[in-house]
Amino acid sequence: MKLQGSNILITGGSLGIGKETAKCLVDAGAEVGITGRDASRLNVAAAYSGAFPIVADVTKSEDIDRTYQEFLAHAGGLDVLINNAGLGAFPTLLDATLDQYEQIFRTNVFGPALMAQKAAGIFINQQSGTIINIGSTASLRGFERGGIYAASKFALRAMTESWQHELRKHSIRVMQVNPSEVATAFNSEERIERIAADNKLRSQEIAYMIKSILELDDRAMIPEFSVWASNPWKQ
């Protein structure tokens, strides 16, 4: 697709991957909207990236409805949804609580599903569009203390595959990007972005790959790919 003049909506655009992806796509000529729960942080990200800010929480259906109303009123249409908003929790099996399960699944699974449902209605009507789900290498294999987080990303991956089968006949591309560990504010209670060591991934690497798969001609899609640091053990 041509990014110039396209309309792209990104959830979780206040920090990290969402913020850098917004800047990358705005720089390529796209009209980009970003969502986030914290208005002050979101406005800082919007000033940095040039994106249109929408204060919204993907766990709230009324916020999802308002997100689409505000973005469509601003941009006039939608070509791409990037489901990036996500949370992490890493308790042991013995320590995990129902509240933790519900919070993570509402953000990492139910939110993307409801956002995609709205986007799919638009895309089916216009017989074109792209949905990109930001997963994790945790969607490929579990790990110690990953019972909640990895389960949520396994679920997102299952939804991605199911939507691919459902929406391809409408010329809608559904793709998943699986970053390994990226230096962001993820899992930081203070929501302070970390600085990546020279041998670790940055949000910019993921943003570049998202831009690259979007720029494929519409006749082509990459169902899923993972991005790993080439040598995270390097001293």
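Coordinate-derived values only; no laboratory data. Predicted, not measured: the structure shown is a model, and the values here were computed from it. Note that each Cβ is placed from the backbone with ideal geometry, even for glycine, and that neighbours are counted across all protein chains shown.
Tell me the label-point distance for the pair Val44, Gln69, using the 7 Å Cα-to-Cβ offset, in nm and rounded to one decimal.
3.0
Check which residues have an amide H placed less than 5 Å from Ile10's amide H, if you skip close sequence neighbours.
Gly33, Ile34, Thr35, Ile82
Using 30 Å as the Cα-Cα cut-off, could you pick out the over-long pairs in Lys211/Lys234; Lys60/Lys211; Lys2/Lys169; Lys19/Lys234; Lys19/Lys169; Lys2/Lys60?
Flagged as over cut-off: Lys19/Lys169; Lys2/Lys60.
Rank Ser40, Tyr68, Ala116 by how far each Cα sits towards the positive end of the charge dipole of the range 7-227 (+1 on Lys, Arg Cβ; -1 on Asp, Glu Cβ) and give me just the farthest.
The residue sitting most towards the positive pole is Ala116.
Quick one: net charge around Leu81, please, counting Lys, Arg +1 and Asp, Glu -1 for every other residue with C-beta under 12 Å from its C-beta.
+1
Residue by residue through the range 138-153, what is 3J(HN,Hα) from phi via Karplus (6.51 cos²θ - 1.76 cosθ + 1.60, θ = phi - 60°)? Round to whole Hz and write x for glycine and proline.
Listing the rounded values in order: 5, 7, 9, 7, x, 7, 4, 6, x, x, 8, 5, 4, 4, 5, 6 Hz.
Treating only the Cβ of Lys, Arg, Asp and Glu as charged (+1, +1, -1, -1), what charge dipole size does the range 1-81 show about its Cα centre? Round to the nearest 20 debye.
180
If amide H atoms are built 1.01 Å from N in the plane of the peptide, which residues on other chains or at least 5 residues away come under 5 Å of the amide H of Val227?
Under 5 Å from the amide H of Val227: Asn178, Ser180.
Suppose the chain between Ile195 and Asn125 were pulled fully straight at 0.36 nm per residue; how much longer would it get relative to their current alpha carbon spacing?
20.9 nm
Under the rule of -39500 (n - 2.57) per DSSP H run of 4 or more residues, summed and divided by the residues of the chain, what mean residue ellipticity at 222 nm is obtained, to the nearest 500 deg cm²/dmol?
Mean residue ellipticity, 222 nm, calculated: -12500 deg cm²/dmol.
With only Lys, Arg, Asp and Glu charged, each at its Cβ (+1 for the first two, -1 for the last two), find how big the charge dipole of the range 99-235 is about the Cα centre; round to the nearest 20 debye.
It comes to approximately 200 debye.
Apply 1/(1 + (r/R0)^6) to the Cβ-Cβ distance of Glu62 and Lys169, taking R0 = 30 Å, and write down the FRET efficiency to the nearest 0.05.
The calculated FRET efficiency here is 0.45.
Length gain on complete extension for the stretch Val227 to Gln204, per 0.36 nm per residue less the alpha carbon to alpha carbon distance?
Result: 7.1 nm gained on full extension.
What spacing in nm lies between the two simple spin-label points modelled at Asp217 and Leu94, each 7 Å away from Cα in the Cβ direction?
So the label points at Asp217 and Leu94 sit 5.9 nm apart.
Treat every Asp and Glu Cβ in the range 7-227 as -1 and every Lys and Arg Cβ as +1, leave all other atoms uncharged, and give the resulting dipole magnitude about the Cα centre to the nearest 20 debye.
Around 260 debye, computed over the range 7-227.
Find the Cα radius of gyration of the range 1-150, compare it with 2.2 N^0.38 Å by division, and give the number to two decimals.
In units of the 2.2 N^0.38 Å rule of thumb, it is 1.07.
Name the residue farthest towards the positive end of the dipole of the range 7-227 from the options Leu78, Ala155, Thr97, assuming +1 on Cβ of Lys and Arg, -1 on Cβ of Asp and Glu, about the Cα centre.
So the residue furthest toward the plus end is Ala155.
At 0.36 nm per residue, and after removing the present C-alpha to C-alpha distance, how many nm does the segment from Ser180 to Arg145 gain when stretched out fully?
Full extension from Ser180 to Arg145 adds 11.0 nm.
By the scheme Lys and Arg +1, Asp and Glu -1, what is the net charge of all other residues having a beta-carbon under 12 Å from that of Lys234?
Result for the local shell: 0.
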